1. Identify all residues within the stretch 1-37 that are of a type in the set (S, T, N, Q) and modelled with pLDDT under 90; write none if there are none.
2. Please go through the stretch 36-67 and pick out each residue that is open to solvent by less than 50 Å² (accessible area, probe 1.4 Å) and closer than 16 Å to Thr148 by Cα.
3. Just to verify a result, which residue in the stretch 42-72, among those that are modelled with pLDDT of 85 or more and β-branched (Val, Ile, Thr), is farthest from Leu112 (Cα to Cα)?
4. So, in the stretch 149-166, how many residues would count as being closer than 28 Å to Leu87 by Cβ, modelled with pLDDT under 80 and either open to solvent by less than 80 Å² (accessible area, probe 1.4 Å) or of a type in the set (Val, Ile, Thr) (or both)?
5. Test of understanding: among Ile83, Ile70, Ile77, which residue is open to solvent by 50 Å² or more (accessible area, probe 1.4 Å), in contact with a helix residue (DSSP H, G or I) (Cβ under 8 Å, 6 or more places away or on another chain) and under 25 Å from Glu161 (Cβ atoms)?
Amino acid sequence: MTLAAAAGTAPQGFLSPTGVEIAFLLVGLVTFGAAVVTVTTRQLVHAALWLVVALGGLAVEYLLLTAEFIAWVQVLIYVGSVIVLLLFGLMLTRAPIGRSPDADSGNRLVALAVAVAAAAALVWVVVDAFRTTWIDLDGAPAGSTDVTGASLFQHWVLPFEALSVLLLAALVGAIVLSRRAKAGTPGDTEGDR
């Protein structure tokens, strides 16, 4: 007699999903759709706003996987900071707000081929890396703050700090580009600077 039969409930199978699994699938489809619109739209501000939807969908997926800490980090860092930085960069560099012919280079087939190859390589690397990894169900929850913080600050300190330097460099680059564009305006004299 199995544990599920002793408890009086039927075991969950592959073809009998739970509500969380259905919600995970629906949110995943919305997130995928937002990601596709992000890379296919020709309006830069719309792309940034669709990126908010895609990154917010990832945060909901983390919540459904009971990784609350990672979900809030996703919201605070990516949805909050990165999107604000991206929008500031668009505003400071005076990027076109409406449709931009410069946003489409005409290399869609090459870009699609590279994207498919990169996705296949990423799936292969992740599956190969975690093929024999099992989750310890008796230990602390995998998405808890204790486990995530210990892993982040023991094994991932250098990439974490490199990302912060990258974001700082992007902000400084946007300011430098904005200053150069301002310096090139007509009627600008050396005394005005």
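The values are calculated or read from the model by the stated rules, or taken from the named source; none is laboratory data. As the structure is a prediction and not an experimental result, all values here were calculated from the model. Here Cβ is always computed from backbone atoms with ideal geometry, including for glycine, and neighbour counts include all displayed protein chains. Surface areas here come from the heavy atoms of the whole protein model, side chains and all, with no ligands, DNA or RNA. Shrake-Rupley method; radii C 1.70, N 1.55, O 1.52, S 1.80 Å.
1. Correct list: Thr2, Thr9, Gln12, Ser16, Thr18.
2. Within the stretch 36-67, Ala59, Ala67 meet the criteria.
3. Val60
4. 1
5. From the options Ile83, Ile70, Ile77, the qualifying one is Ile70.
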